[in-house]
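Heads up, the thing below is written out as C-alpha cells.
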Amino acid sequence: MHLPVPPCTLLGILDDGWAGLSDSARRLLAEADVVIGAGRTLELVRPHLAAGAEILDMDGRLGQVAGWIGNAREQGKSAVALATGDPLCHGIASWLTGKLGRDGFTIIPAVSTLQLAFARFKTAWQDVKISTCHSADAGEWFVGATPEHGLYKLMRAIARHPRVALFTGPENTPDRLARALITAGYGDDAKLSVACRLLLDDEAIFAGLSPAEAAGMSFPQPNVVLVERTPETPRPSFGLDDLDYIQRAPEKGLITKQEARALSLAKLRITPDAVVWDIGAGSGSVGLECARLAPHGHVWAIEKNEGDAANARANAAQFRVGNYTLCEGKAPALLDSWPDPDAVFIGGSGGELGELIQLILARLKPGGRLVMNFVTLENLATATAALKASGAIWDVVQLQASRSQPILDMHRMAAQNPVWIVTANKESA
C-alpha cells in the first residue's frame, strides 16, 4: 500500500499579501505544515498561518529550499513555498523543477509583477523582451564590457529589441541602467518607465523618463522597468560600404576592402553565438561585421596603432556595436586572457605571424576557422609554411577585384591590389 505523497505547492504572491490571494490559496497556506519564503514575504502572511506551522526564511539560503521541501515530504508534512508574482517568469520555479522534478510540486502563479506594471503603464506587453539585472552588484556599464559583466545580457537584449521589460535589483537600479543606456549611445532615443513598490501604499509610477532624467533619480525598491527606444533603420549585417567606416586620415584606404571583407566573412562562417578574435583590427571593419553576424556572441579585437584603435572604437560607437571589446597592443600579447575562439581573423601582424598561427590553432575550438588576408608574397609564404608545419587543413583564394571609375562621360575598370585569403580549419573532435 502506497501512502499519498504530501502536497507541495509553489505559490505566487504579490505585495498586497493575504488580501490578494484566492480562497484556495489561502486555504493551502492556512493548513500548511511548512511555509517557506523570503522574510519580507513571510511577514505578509504570518498572522494567517497555522499555530504549529514551521516557518523557514530562505533569505540567503535559497540553495536549501529543495532540501526543506524534501524533508517535509519525508515526514509526511505539507509544504508551501512562496514566490513573487509568477514563479515561472524569472522566478524560482525552473530551478526547483531541476531539483525536485516536474512532479515534485504544484505551481499556482499570481499575476506577474510585469503584468501589473504594464497595467500601470497602460500599454500592451505581448511584444516585449523580458530580461533581468536582479543579480549581484554588476558595477557601472562601460564601452567594451565583456560577457562577464553583470549587465551584459541585459544590454544585448536592449541592443536587439526596441522594448525590454526587466527586473532590477538593490544595486542594479534604474538610475544605473539609465547611465548604461547613455554610455551605450541610446541617450537620445530611449525612454524608461519605472513601476515601484506595486500594490503597496506608497506605490509610485514614473513613465516616459529620458535616460538623462532617470540617471539622476533615486527610485523606491522593489521596482521593474520598461525600456523603449525608437527602432533603428535596418542596417545590413555585413557588406557595408568602405566609406561608411571612419578610417585613418589623410591616407584613406587602410581598410579591408568590401570585396575581401565579404569573402573573408563567408570563410569565417560566423554563427550567432560565436566567439571571434580580430587580430590587427585596423578600422574595425571585419570585427564589427563579425559582431553583427554574432548578436549572441562576442568579438575580441586587438590593434597596435593608437589612431586606428581610436577609429575602430568610433566605428563601434557609430554602429552601436556593444558585443565588441577592443584592446590596444601587439599580438600575441593579451590573447591568453581571451576565451577560446570559434573563428579568428588576421588582417595584420607585426612580424610574429608564424607564432600567432601556432597559438591560434592550439586555441581554436573544434570545428573553428582561421582566416587571414595578405597582400605580400612574404607573409603568404610564412603563413602557408606555418600551416603546413602544423598539419592544418588549409586553402588559398587569390581575390582580384576591379571597380568602375568615371572617365570623361564613360567608365573604366580600375584594378585593386590582389589579396590572398588563406583559410585553415580545425577539425571537429
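Extension gain for Asp57 to Leu359 (0.36 nm times residue separation, less C-alpha to C-alpha distance): 103.6 nm. Using the Cβ-Cβ distance between Ala333 and Ala381 with R0 set to 22 Å, the FRET efficiency from 1/(1 + (r/R0)^6) comes to roughly 0.35.
Potential lengthening of the chain between Glu74 and Ser94 amounts to 5.0 nm, from the contour at 0.36 nm per residue minus the alpha-carbon distance. Taking all Cα pairs closer than 8 Å and separated by 6 or more residues, the relative contact order of segment 204-343 comes to 22 percent.
For trypsin sites (Lys or Arg not before Pro), the sites in segment 42-136 that DSSP calls loop and that have at most 11 other Cβ atoms within 10 Å are Arg102, Lys122.
Per-residue 3J(HN,Hα) values for segment 153-161, derived from phi via the Karplus relation 6.51 cos²θ - 1.76 cosθ + 1.60 with θ = phi - 60°, read 4, 5, 5, 5, 5, 5, 5, 9, 9 Hz in sequence order (x marks Gly and Pro).
Cross-link partners for Lys77 among the lysines, with Cα-Cα distance under 25 Å and sequence neighbours closer than 8 places in the same chain left out: Lys99. If R0 is 60 Å, the Cβ-Cβ spacing of Arg412 and Ala119 corresponds to a FRET efficiency of close to 0.35.
In this structure the amide hydrogen of Val80, modeled in the peptide plane, comes within under 5 Å of the amide hydrogens of Thr9, Val34, Val35, Ile36, none closer than 5 places in sequence on its chain. Helical content alone sets the calculated 222 nm signal of the chain at -8500 deg cm²/dmol, taking -39,500 (n - 2.57) per DSSP H segment of four or more residues and averaging over every residue. Remark: spin-label model distance Ser390-Asp242 equals 2.9 nm, labels positioned 7 Å along the Cα→Cβ axis. Springs join every pair of Cα atoms under 10 Å in this Gaussian network model of the chain, and among Pro231, Pro406, Pro109 the largest mean-square fluctuation is at Pro406. Across segment 242-425, Cα-Cα pairs more than 26 Å apart make up 28 percent of the total.
Computed over segment 136-229, relative contact order equals 34 percent, with contacts defined as Cα pairs under 8 Å that lie 6+ residues apart. Among Ala204, Ala301, Ala381, which one moves the most in a GNM of the chain with springs linking Cα atoms closer than 10 Å? Among Ala204, Ala301, Ala381, the largest GNM mean-square fluctuation belongs to Ala381. Straight-distance candidates among the aspartates and glutamates for linking to Lys267, with alpha-carbon spacing under 20 Å and chain neighbours fewer than 8 residues away dropped: Asp241, Asp242, Glu259, Asp278, Glu289, Asp340, Asp342, Asp395, Glu427. Using the Cβ-Cβ distance between Gln405 and Glu148 with R0 set to 51 Å, the FRET efficiency from 1/(1 + (r/R0)^6) comes to roughly 0.60. One decimal place: the segment Leu199-Ala136 gains 20.1 nm when fully extended, by the rule 0.36 nm per residue minus the C-alpha distance. Between Asp189 and Ala262, the modelled label-to-label distance comes to 2.6 nm, taking each label 7 Å out from Cα in the direction of the beta carbon. Spin-label pair Asp16-Val397: with each label point 7 Å from Cα along the Cα-Cβ axis, the two points sit 6.3 nm from one another. Of the residues Ile302, Ile182, Ile108, the one that moves most in a GNM of the chain with alpha-carbon contacts below 10 Å is Ile108.
With 26 Å as the limit, the listed pairs Lys191/Lys257; Lys257/Lys388; Lys129/Lys257; Lys257/Lys304; Lys153/Lys304 have Lys191/Lys257; Lys257/Lys388; Lys129/Lys257; Lys153/Lys304 beyond it between alpha carbons.
Structural descriptor for the chain: relative contact order 10 percent, calculated from alpha carbon pairs under 8 angstrom and at least 6 residues apart.
Where a number appears in this text, it was derived from the coordinates with a stated rule and is not lab data. Everything quoted here is computed from the prediction, not taken from an experiment. No Cβ is skipped: glycine too gets one built from the backbone with ideal geometry, and neighbour counts run over all protein chains shown.
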